[in-house]
Structure formats: C-alpha cells, structure tokens
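Report on the structure given below.
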Amino acid sequence: MDTEKGQTFEFQSEVKQLLDILVYSLYKNKEVFLRELASNAADALNKMQFEILTEPDLADKDQELKITIAIDKKHGKLVVEDNGIGMSQEELIGNIGTIAHSGTLDYLKKISESPAKSQVDLIGKFGVGFYSSFMVAKEIHIVSKSWQKGSRAWLWKSRGESSYTIEETEKAARGTRIELFLKKEEKEFLEIQRLKHIILKHSKFVPFPIYLEGEKIERKDAIWTQPKSKLNEKDYADFYKFLENTQEEPETYLHLSSDAPVQFTAVLFVPKTSFELLGLMKSEPGVDLYSKKILIQKGSKDIMPEYLRFVKGVIDSEEIPLNISRETIQSNVRIDKIKKHVLKKLLEHLDGVKTKNRDQYLNIWKNFSKNFKEGAVSDYENREKLSQLLLFASSKTGADQLTDLKEYVQRMPEGQREIYFLGGSDRQAIEKNPALEIFRKKDHEVLYLLDPLDEFVLDHLREYDKKAFKMAESADIPLEEKADTADAAYLQDAENLVVYLKAIYGEQVQEVRISRRLTDSPCLLLNPADGPSVQMEKIMKMVNKDYQLGKRVFEINPENSLIKKMVALHKQDPAMPLLKTLALQLLDNMKLREGILSDTEATIARIQQIMFEAAVPPRTDMGGPA
C-alpha cells in the first residue's frame, strides 16, 4: 500500500488477531455488512439533520439527506455513500482505527475457541460493525469530509491487517464514501437484485432514502415511532401489508410506547388467517426486533413467547445494543422487561377485543385458540390472563355459541363452589351423557370440552376465580339426592342387585352402587375422585398401547324401568342366565358409549341372545314392581 503521501497508523493492540476472529470465526451471515454500513450512514445523516436545524448559515442545507449505493463491476467495487456529518482525520482515527471496549479481544477469543462458536453472531456487539465489511472486501477505502467550514477531505485505506493509512484527498461535498474492493468469491454483492433484497430485509425502515444505482428503494415510514394520534386505521393496515407482503388486512393491532422500565415502541398485529390452521407447517416467530429502526433479529424468538408465534409486528428500542448477540439477548435484562410489558399489554388488548367486539374475537379464537391453550398450559406467569381468553361451549349456550369463564361464574347459582365440565367428541354426544341429568335438574351449567386439549388446559389452570374445575363424571361430586321411592323393601332388593352386579363385574369396575343423581338413564360410569376422564385415558392409550384404563365406578338408577325389571329378576332367581346376560350387557352399553369396549364379538353375541330371549313369549309369573 502506498504510504508516501499518507501516514501509517497501527490498529489498536492485536487488532489483526481480532479481525481474524471477527471475519473468519464468528460472522455467520455475510450480507449484514450492508446493514452495518447503512446504519452508520443513517447515524451520520441524523447528526447532520440536527446541525441543519441549529446552524442557519450552513452550506448545502437544502440538499436531500440520503444514502447512495453504487456498483462498479469493472473494478469489483461496491460504494456506499452518505451526505451526512462526515469525519475529520482525528475522527477517522477515533471512530475507525480503534475498538473502544476493553476486554473485547479476550472475550472474542474465548467465544471463537468454544465448540458453540458457530452459533454466535457478534456483528456490531462491540461497535465493530464496520469491520464486518472485511468479510466480503479485500480492501476498503473511506473518503470523508466533515461538515465543518474549512474542513479538508481524508482518505482512509486498509486491507484489514495490522495497520491503516490516512492521507489528504479531494472531496467537494461533506459526507462519507466507503469503497469496498470485493473478494473474487463475493461478487454476488455486485448484483442489483441481491443488494435490493438485503436492503429490504434489513434496512427498509431507515429514516432516510436509499438509492441503489439511481433507483430509490421502496420504503415505509416506521409508524411505530409516530404518535398514535397522527395515525388512522388505514395507516396501520397499509403498514401491515408492507411488513408482511400481503394484501390481507390484520384482524386487530396494538400500538405501544413506553419509557419505563425500558424505553421502547412497538406495533403488533394479529392476522386474519392462521397458516397452521390451514394445515401448513408450524409458524415461525413473527415479531421483529429493531434498534433505532435497524433490524436486529428477524422473527425474534426471545421477545415473544412461543405460543404467540402467530403475532406479527415490530418492537424497537434504542436501549438495546445494535446487533446484540443471541446469547446476550437471552439473558439481557432490558429484553426481559420489554417482553413482560409487551405480553401483558397484548393479552389485555385481546381480552378487550373479546369484551367489546365478540364477533371479531370469535374469528381470532377460531384461528388461534390452540395457541392460547398452549400458553395456558406452558406460561405459568400469565396463566390468569390467558384463562380470560378461553372460550367453551356449554349447557347454557346455543349450538353455535361459546362462553368464557367469567360469564360462567357470573351465572353460577348461590352455593355452587366448583366449575363443572364434561368432555366428548361433539356436542350431541356430550348432551346424551347420563352424567348431565342431575346438572339439568339442579340447573347447574356444565362446560363442554370438545377439544382434547381442553382438559389438559383445565388440569393446568386448576381453578378460576378461586373456583376449582370439576369433572361432571367425578364419583365424588356433591350433587347426589335421595332416591324418590319410599319403598324401603324395594331399595333393599336394589341393594341386593348391586351386590350381585359387583360379583359379576369383578375387577372390571372399582365399585357398584345406587345412584343418587340419575333421573332417567338406567346407569352410568363415573371416574374415581381426581382420576383422569375417559377422553384423557383414550389419548394416553393412543400414545402408549400398554396403558391400562383405570377402573370406574358403576352406578344404577333404581327408578329406571329396566333396573326395576332386573331387580325383580334377581329377587326371583339370582342364578337366572338371562339376568347375567343383561348385567354384562348393561356394563358393555356404557363402555360402548364411551368408546372403550374391547371385546365387540362377545357383545354382539350377547345382544343376539337378548334378542332371542325377547322373541320368546313373556312369562306371567315374574312378579316385582312394574
């Protein structure tokens, strides 16, 4: 390098080693060098904008503040230029020739020697974003002229080794021009479409126009930084369309601005369509993390919980270091505070939509209910807020209507201490469940769990408004009533049938007993206290074929005509073959209804036997109650 006209300077101690680590060991995504140069240019333009406002006699104050990118394929050169504040010789040495943070080299050496070094992205972490250009350039020239009157222009040259040179040069106007002489293998960065893609990906919200080979790159104002009072619905819709490259408007949006505990601004959108619901792959996180309008992370996994991956938008904070590493993001206190605040406000906003515009919320629920349920299971800290967003069918809603837990509690009669639920494959199947009979009689509402996930959710929630969730099929539910009959002798005969049934069923059931809650049906199967529902057990069986279904409690209704006939048969002759056939079929009927019948061939044979018996002329000496 010619040094006759210029002066040679050594980089800060061991910078050659530092550059080797930065360029060859740590950088993963080469394209971000252009983001770094655009960010630096925007900073220079911002400073110039301030000087224009405060210096009335400034030359060229009416110039458009802009970033210009030019390609010179003949010489393999990429040029990034701004007409910002520019730099003096001293500023070139201070800003470009040194890395100001102590301990930088030791830290980077430690990271580069780690087995996980391929997972690290440290561009800009220590103010060395400019040096990322050496990933693609064999040599870099910087021509800069300060805005101050009488300033001279300076040329900075380096090959990214141990030194650089600075010499005086010619430049008519203020600003900085960076010339990258690209390596042979990096000529892709001389292609217009490649550069345009990078700009639109990383720098589309830079607050100054960017010209690429004379063409002004499409950009959008960063509306998240603007006062909400100056924006309307169309502004948000247009921004969402630009951000997501779609023609579809968002379902709802939230615009946030906060100064404490951390300064940040955000605009978040809930889409009208769920791609996961359409059967496509799991969505990637949709909220981008920015610092001063420059993209830090596309689809940040650290700023929103996994279950809200469908949310789109931008979060921007000047308090987050530009290009902070992934490891640092995960442990950054500011990021954690922003995440908590944003999540709190977003969940409150969704609850507000549910309250004020139920039709709109029903569309959100249709698309993203599984996400809310996922959150209710996994996010203990926000479980209460998420419980407010859950919707269920119930015995008090119409066929196409849903209710929330708050509405359920408001309808609870005095004295009811628990929230009852019942699961099933569909609403019709649930409504035929005999376990509902006592709830209808007492006018107690029951939530219908139509999604297998629902029971997992309620199991994790445990309670709502200090009221525990209780399965309507639980054997220990406190709703039993005394039998209507006053015939003590008959009740004893019914108890004798209970003893008989227990002997017949053996280990198939946990217990047989007289029901105090059935009003119409002959019998039902109940779950032992705190035991899993049959729907949950079927899922467990699908996951593990060796899973053994739990034993249930079998109850009979002494007021049902079929049970009365069986009581009479048992009183007449406990050894009667037909009685055993009826007893076994009674239990199989319940298993069949619940989808847990295993020996269908035996059941079919038994039904045929019962049909044959029914075809025999009835006897007239059976006795017993009608």
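Coordinate-derived values only; no laboratory data. This structure is a prediction, so every number in the text was calculated from the model and none was measured. Don't worry about glycine lacking a Cβ; one is built from the backbone with ideal geometry, like all the others, and counts go over all protein chains shown.
For the reader, a short list of remarks on this structure follows.
- Nitroxide proxy distance, nm - points 7 Å out along Cα→Cβ at residue 508 and residue 333: 6.6 nm
- Within the shell defined by Cβ-Cβ distances under 15 Å, the residues around residue 74 carry a net charge of 0, with Lys and Arg each +1 and Asp and Glu each -1.
- 18 Å Cα cut-off, lysine pairs counted over segment 363-464 (separation 8 or more, or different chains): 10
- Proximal aspartates and glutamates to residue 183, defined as alpha-carbon separation beneath 18 angstrom and excluding residues fewer than eight positions away on the same chain: 20, 31, 72, 139, 161, 191
- Three-way shape call for segment 390-471 based on the alpha-carbon gyration tensor, with the a/c threshold at 1.5: rounded
- Rounded Å value of the spacing that divides the Cα centres of segment 358-408 and segment 170-228: 45 Å
- Cα-based shape type of segment 223-365, given that a ≥ b ≥ c are square roots of the gyration tensor eigenvalues and the cut on a/c is 1.5: prolate
- Neighbours of residue 544, meaning other residues whose beta-carbon lies under 14 angstrom from its beta-carbon, give a summed charge of +1 when Lys and Arg score +1 and Asp and Glu score -1.
- Taking a ≥ b ≥ c as the square roots of the eigenvalues of the alpha-carbon gyration tensor, segment 332-486 is classed prolate because a/c is 1.5 or more and a/b outweighs b/c.
- Cut-off 18 Å, label 7 Å out along Cα→Cβ of residue 530, residues of segment 456-475 by amide N: 456, 458-464, 467-475
- Difference of contour (0.36 nm per residue) and Cα-Cα distance, residue 319 to residue 543: 75.9 nm
- Within straight-line cross-link reach of residue 337, aspartates and glutamates at Cα separation under 20 Å, skipping those fewer than 8 residues along the same chain: 259, 288, 302, 306, 316, 318, 319, 327, 348, 379, 381, 384
- Straight-distance candidates among the lysines for linking to residue 220, with alpha-carbon spacing under 16 Å and chain neighbours fewer than 8 residues away dropped: 66, 196, 201, 204, 230, 234, 241, 292, 293.
- When both segment 537-596 and segment 128-144 are represented by their alpha-carbon centers, they are found 81 Å apart.
- Sparsely packed trypsin sites (Lys or Arg not before Pro) within segment 424-464, loop by DSSP, other Cβ within 10 Å at most 14: 432, 462
- Under 27 Å between alpha carbons - lysine pairs in segment 488-615 that sit 8 or more apart or on different chains: 24
- Lys/Arg +1, Asp/Glu -1 at C-beta; segment 390-471 dipole; positive extreme among 399, 412, 450: 412
- Using only the C-alpha atoms, the convex hull of the chain corresponds to 209 Å³ per residue.
- Extending 7 Å from the Cα toward the beta-carbon at both residue 187 and residue 427 defines two label points whose distance is 6.7 nm.
- Residues whose placed amide H lies under 5 Å from that of residue 423, excluding near-sequence neighbours: 449
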